[in-house]
Amino acid sequence: MIYLRIVLMALMTALLAACSEQSNPPANVSQAESVPVAEVSVLAPVEEPLPLEDGQAATLRGAALNTDLPAPVMAAVENTDLKRARQYPMQPPTIPHKIDGYQVDLNANKCMSCHARSRTGESQAPMVSVTHFQDRDGNFLAEISPRRYFCNQCHVVQTDARPLVGNSFEDYYQLTEKANQEGGS
Amino acid sequence: MIKRFIRKYWSILRKPPVHLSLGVLTVGGFMAGIIFWGGFNTALEVTNTEEFCVSCHEMRDNPFAELKTTIHYSNRSGVRATCPDCHVPHNWTDKIARKMAASKEVWGKLFGTISTREKFLDKRRDLAEHEWERLKANDSLECRNCHNFEFMDFTRQSTRAEQQHSTALASGEKTCIDCHKGIAHELPDMAGVEGW
């Protein structure tokens with residue numbers, strides 16, 4: 001027990017040391033050049049850690065805790081009706097249109113009024129995939145399975161919000177491509 | 001007894017006036033007419049406002065509360081659809097017909113047919129069906145009072161909207177309420193409703 005604690009303490013100290021090294025302004029940046037954090041918009045791309053002055057490493061909000069930033073503008077839902085590529089084959093497709101006010105509850109399922117098998121002729125919407133008709137034992141039902149009823153558990157709209165942090169996700173094909181180029185097996 | 005009473009008053013009514021001139025009678029009748037007509041129409045106007053509709057708690061706590069979250073209550077254009085905009089016809093004969101039907105609803109109020117949320121929800125399918133039927137029969141007249149098909153710019157609509165509006169709606173095969181149920185209130189159990 002005591003050993004564990006010592007190891008933990010050592011780890012924490014190392015971590016703290018690493019952090020404080022990062023948040024100190026690099027020597028070649030003069031004080032005047034360094035950006036006071038409060039002036040930086042929340043949406044600024046956060047690629048490099050910002051050079052912080054002492055006592056400013058307080059929060060990720062970009063401002064001290066006792067101040068209020070102006071609320072960021074609400075992002076608009078993309079309503080292009082254009083399918084987006086999926087990042088991997090089993091990804092639930094994202095919704096390419098607005099769903100404001102669409103009721104999905106015990107009484108009514110607005111999604112299914114277009115995406116149900118029987119409705120797709122009129123609506124020209126894609127039919128829910130055949131997996132949605134399977135119960136958890138893999139048996140096919142005549143209607144969608146109750147466990148698939150609440151569409152928004154997996155399918156969501158996308159907004160035009162700028163990502164707060166970068167994303168370095170690489171899909172399977174990019175990874176294998178890379179491996180091939182490196183001559184790996 | 002009643003017969004005698006009626007006969008007596010009938011004879012008074014039939015007696016030509018002795019003390020009044022024809023002029024007084026005509027002008028008086030005219031004025032009375034204006035007053036009654038005005039009163040009638042004022043009553044119509046008063047009952048044709050949202051304040052009147054939501055003055056009873058059944059409407060305030062259910063349809064009105066639900067309307068508040070929809071685009072017909074608040075939107076970027078600042079145009080507000082009120083209850084009578086969607087529920088009372090503009091032209092006079094239809095309006096009177098709807099008002100007579102509404103008198104029945106006042107009975108419902110007096111006897112507490114939908115006095116609680118639960119009772120309202122139980123009744124909702126019936127109530128909604130009446131509205132769908134009415135809007136289906138008049139080709140969604142109330143919607144069209146604000147949304148005129150002639151002036152819809154398809155190029156400014158979403159692809160889905162444009163596709164449906166330029167086909168099924170344009171050909172008259174479908175009307176607004178066929179596709180736009182539940183735009184102002186929550187829907188009842190839709191089992192068996194066409195298109196659901």
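Exactly one residue out of B:Arg98, B:Arg60, B:Arg4, B:Arg80 is charged (D, E, K, R) and outside the structural domain of B:Trp132 (by TED's automatic domain parsing), and it is B:Arg4. Against the definition (within 14 Å of chain A (Cβ to nearest Cβ) and out of contact with any helix residue (DSSP H, G or I) (no Cβ under 7 Å at 6 or more places or on another chain)), how does B:His57 come out, yes or no? No; evaluated as a whole, the condition is false for this residue. Can we say B:Val18 is hydrophobic (A, V, I, L, M, F, W, C), surrounded by fewer than 11 Cβ atoms within 10 Å (Cβ to Cβ), at pLDDT below 85 and not assigned by TED's automatic domain parsing to the domain that holds B:Thr116? Yes: the conditions hold for B:Val18.
Let's see how each residue does on (1) among the acidic types (Asp, Glu); (2) touching a residue at least 40 places away in the same chain (Cβ under 8 Å):
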position: B:Ser11; (1), (2): no, no
position: B:Lys15; (1), (2): no, no
position: B:Val18; (1), (2): no, no
position: B:Ser21; (1), (2): no, no
position: B:Ala32; (1), (2): no, no
position: B:Gly39; (1), (2): no, no
position: B:Asn48; (1), (2): no, yes
position: B:Glu51; (1), (2): yes, no
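Each row is one residue, and each column tells you yes or no for (1) in contact (Cβ under 8 Å) with a residue 12 or more places away in the chain; (2) in the same structural domain as B:Ile71 (by TED's automatic domain parsing).
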site	(1), (2)
B:His130	no, yes
B:Asp153	no, no
B:Ser158	no, no
B:Gln163	no, no
B:Thr167	no, no
B:Ala170	yes, no
B:Thr175	yes, no
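All of (1) crowded, with 17+ Cβ neighbours inside 10 Å; (2) away from chain A (no Cβ under 13 Å); (3) over 21 Å from B:Leu67 (Cβ atoms) hold for B:Leu135 with one exception: (3). Can you find a residue in the range B:145-161 that is polar (S, T, N, Q) and closer than 24 Å to B:Lys104 by Cα? Checked the range B:145-161: no residue is polar (S, T, N, Q) and closer than 24 Å to B:Lys104 by Cα.
Here the range B:66-86 is the region considered, the condition is being assigned to a helix (DSSP H, G or I) and within 14 Å of chain A (Cβ to nearest Cβ), and the residue that is surrounded by the fewest Cβ atoms within 10 Å (Cβ to Cβ) is B:Glu66. Screening B:Ser166 against (1) under 29 Å from B:Cys53 (Cα atoms); (2) surrounded by 13 or more Cβ atoms within 10 Å (Cβ to Cβ) leaves a single unmet condition, (1). Restricted to the range A:92-108, and to residues there that are within 8 Å of chain B (Cβ to nearest Cβ) and touching a residue at least 24 places away in the same chain (Cβ under 8 Å), the residue that is surrounded by the fewest Cβ atoms within 10 Å (Cβ to Cβ) is A:Lys98.
Scanning the range B:138-190 for residues that are within 13 Å of chain A (Cβ to nearest Cβ), closer than 26 Å to B:Arg125 by Cα and of a type in the set (Gly, Ala, Ser) yields B:Ala168, B:Gly182, B:Ala184. Looking across the range A:70-91, just one residue is within 8 Å of chain B (Cβ to nearest Cβ) and of a type in the set (D, E, K, R), and that is A:Asp81. Within the range B:61-77, residues that are free of Cβ contacts under 8 Å to residues at least 12 places away in the same chain have Cβ atoms under 8 Å from residues that are part of a helix (DSSP H, G or I) and surrounded by 14 or more Cβ atoms within 10 Å (Cβ to Cβ) in these pairs: B:Tyr73/B:Leu67, counting only partners at least 6 apart in sequence or on another chain.
All told, A:Pro89 meets the bar of being modelled with pLDDT under 95 and either surrounded by 13 or more Cβ atoms within 10 Å (Cβ to Cβ) or not in a strand (DSSP E or B) (or both).
The values are calculated or read from the model by the stated rules, or taken from the named source; none is laboratory data. These numbers come from a predicted model, not from an experiment. For neighbour counting, all protein chains shown are included, and Cβ atoms are generated from backbone atoms with ideal geometry for every residue, glycine included.
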